[in-house]
Amino acid sequence: MGNTLHITNGDGAGSLLKAANIEGDVLPWRDTMQSGPFPKGLSLEEHSKIRAEYFSGPAMPLSDVTRDFEIRDEHLKAFKNYEEVILWFEHDLLDQLQILQILQFFHGQDLKGKKLSLVCINEYEGIIPFRGLGQLSPEHIEALVPIKRPINEEHLKIANAGWQAFCEPDPTHLETYIQSDLSSLPFLKAALMRHLEEYPSLKNGLNKTQNKILELVRNGVTNPVQNFIEFMNSETVFFMGDWTHFREISKMCNGEQPLLSCSPNGKFLSPPDHEIEMEDFKDQILSLTDLGEKVMDGKRDAAELIKLDQWLGGVHLEYAKPLWRWDEKTEKLMKTEKLA
Amino acid sequence: MNTLPEFDPLFHQPVRTRLSILLYVKGESFADLKSKLSITDGNLDAHLKKLSAAGFIESEMVIGDTQKSTRPYTVYELSPSGKKAFKKYLKALEKILNLTQKR
């Protein structure tokens, strides 16, 4: 497998490929994808600039994040130096969006003489529950090489259309796209449906992740680490790293009208945004505030309380403007003014 | 008469030669590279991108590993194809050295 570029869903899978002594260079596609802006009509490099701004903060200076995106993009553009490019991904939303972005890039390229292949799985014998490639051993990874499938023009067309729909400022484009024939990328439809559930719900203005976090706290899962573990156990096609989970908790805990309270500090403190000893971090206890209880009972609109200002792909959700909301009953998005 | 070897211009540049030596040996953070090479951020940035544009850089995100800091940082290293190309460059240098020593 000489002269191969392996693009992986992150550093974990990349390290496994190296440990499995699979020949070739490794490029981990570091981006959480499902949150933060991907405005319409921009190139890979233009999106990377915006993503770097989105991810940068006190723990990650803009210059460092920008550099890593630029180095990543340069490496992707070096695909011409390789005989084969193999994508290593799994079924979840994060990975399916990464596949869309990468294949959309290849859709516009001259691929004459290049082999493009995909390893994408949603299960592995003996690994239950299967969450992702990161759970596998180097031997497992090696055994996946023979199942790689060639990526053809049809895959590239579907991915290109999907990426355009994801970046549209009007999410009905994505809803329409989900109804089209996506069977050649078999995990895409379920993943994108889960993406739609990340819109604020019609019931209370919280997205599915936030609702689950509050529900777990209400049911006694008050430790932030345990809350993350239980959350992940409840998911099948959604992957969120622990930092992102803790940022969601911060959003609901540290605003002017908090839905969560945290002892002993009142505020929820989490690395890398706050300098806190791991022991102290793990000892924090969450509880629902009165407002949190009201939101869970559908009596208050969380979008307004947490001053929602969030991007999902190309859609900018702002609490002060009419919002696209997810109706769990009809499984459709609706644009609404404030909730009654 | 021996023909003179060709040098890969990607490596045959004062900063990139030294940078490649460091990245060939082991993974290094941006801060460590900058300090060891005594160059500016912008200069190091440009050289890393140049190597990456050939597919010669691999990187790994490391979560802060000290008790006090949990800040993530990136470690860079020559990729397998980068190491292979750099070895070829070293062979060319060796050949030149051998030629001059024979005189």
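The values are calculated or read from the model by the stated rules, or taken from the named source; none is laboratory data. Owing to the predicted nature of the structure, the values given are computational and were not obtained by experimental measurement. A quick note on method: Cβ atoms are made from the backbone with ideal geometry, for glycine too, and the neighbour counts reach across all protein chains shown.
Could you tell me whether A:Ile249 is of a type outside the set (Ser, Thr, Tyr), closer than 27 Å to B:Val62 by Cα and without any contact (Cβ under 8 Å) to a residue 12 or more places away in the chain? Criteria not met by A:Ile249.
For A:Thr172, the conditions (1) under 27 Å from A:Lys112 (Cβ atoms); (2) surrounded by fewer than 20 Cβ atoms within 10 Å (Cβ to Cβ) are fulfilled apart from (1).
Condition first: of a type in the set (Ser, Thr, Tyr), part of a loop (DSSP other than H, G, I, E, B) and surrounded by 13 or more Cβ atoms within 10 Å (Cβ to Cβ). Now tell me which residues in segment A:291-340 satisfy that. Selection gives A:Tyr319 alone. Scanning segment A:265-290 for residues that are touching a residue at least 60 places away in the same chain (Cβ under 8 Å) and assigned to a loop (DSSP other than H, G, I, E, B) yields A:Pro271, A:Pro272, A:Asp273, A:Gln284.
Could you pull out every one of the helices (runs of 4 or more DSSP H) wholly within chain B that has 1 or more residues that are at pLDDT below 95, farther than 29 Å from A:Leu17 by Cβ and more than 10 Å from every other protein chain (Cβ to nearest Cβ)?
B:80-101
For segment A:40-85, a residue qualifies if it is of a type in the set (Asp, Glu) and surrounded by 15 or more Cβ atoms within 10 Å (Cβ to Cβ), and the qualifying residues are A:Asp64, A:Asp68, A:Glu70, A:Asp73, A:Glu74, A:Glu84.
Just the residues that are in contact with a Lys or Arg (Cβ under 8 Å, 6 or more places away or on another chain) and on the phi > 0 side of the Ramachandran plot, please, taken from segment A:203-254. Scanning segment A:203-254 gives a single hit, A:Gly205.
Could you check, for segment A:11-25, whether at least one of its residues is free of Cβ contacts under 8 Å to residues at least 60 places away in the same chain, part of a strand (DSSP E or B) and either within 8 Å of another protein chain (Cβ to nearest Cβ) or within 16 Å of the chain's Cα centre (by Cα) (or both)? If you could, list the steps in order and put the result at the bottom.
Of segment A:11-25, the ones free of Cβ contacts under 8 Å to residues at least 60 places away in the same chain are A:11, A:14-15, A:18, A:23, A:25.
When the remaining residues are screened for being part of a strand (DSSP E or B), the result is A:25.
Filter once more, keeping what is either within 8 Å of another protein chain (Cβ to nearest Cβ) or within 16 Å of the chain's Cα centre (by Cα) (or both): A:25.
Within segment A:11-25, one or more residues are free of Cβ contacts under 8 Å to residues at least 60 places away in the same chain, part of a strand (DSSP E or B) and either within 8 Å of another protein chain (Cβ to nearest Cβ) or within 16 Å of the chain's Cα centre (by Cα) (or both).
Scan segment A:65-87 and give yes if some residue there is of a type in the set (Ser, Thr, Tyr) and more than 11 Å from chain B (Cβ to nearest Cβ), otherwise no.
Applying the first criterion (of a type in the set (Ser, Thr, Tyr)) to segment A:65-87 yields A:66, A:82.
Checking which are more than 11 Å from chain B (Cβ to nearest Cβ) leaves us with none.
No, because not a single residue in segment A:65-87 is of a type in the set (Ser, Thr, Tyr) and more than 11 Å from chain B (Cβ to nearest Cβ).
Applying a threshold of 9 Å to beta carbon distances and a minimum spacing of six or more residues, or different chains, the list of pairs starting in segment A:28-54 at a residue that is within 14 Å of chain B (Cβ to nearest Cβ) and part of a loop (DSSP other than H, G, I, E, B) and ending at one that is surrounded by fewer than 18 Cβ atoms within 10 Å (Cβ to Cβ) and acidic (Asp, Glu) is empty. Among the residues of segment B:3-16, what is the count of those that are out of contact with any helix residue (DSSP H, G or I) (no Cβ under 6 Å at 6 or more places or on another chain) and over 13 Å from B:Lys88 (Cα atoms)? So the answer is 4.
Among the residues of segment A:251-278, those identified as within 25 Å of the chain's Cα centre (by Cα) and closer than 16 Å to A:Leu305 by Cα are A:Lys251, A:Met252, A:Cys253, A:Asn254, A:Gly255, A:Pro258, A:Leu259, A:Leu260.
Among the conditions (1) within 23 Å of B:Ser81 (Cβ to Cβ); (2) buried (at least 21 other Cβ atoms within 10 Å of the Cβ); (3) in contact with a Phe, Trp or Tyr (Cβ under 8 Å, 6 or more places away or on another chain); (4) not β-branched (Val, Ile, Thr), the only one that A:Gln96 does not satisfy is (1).
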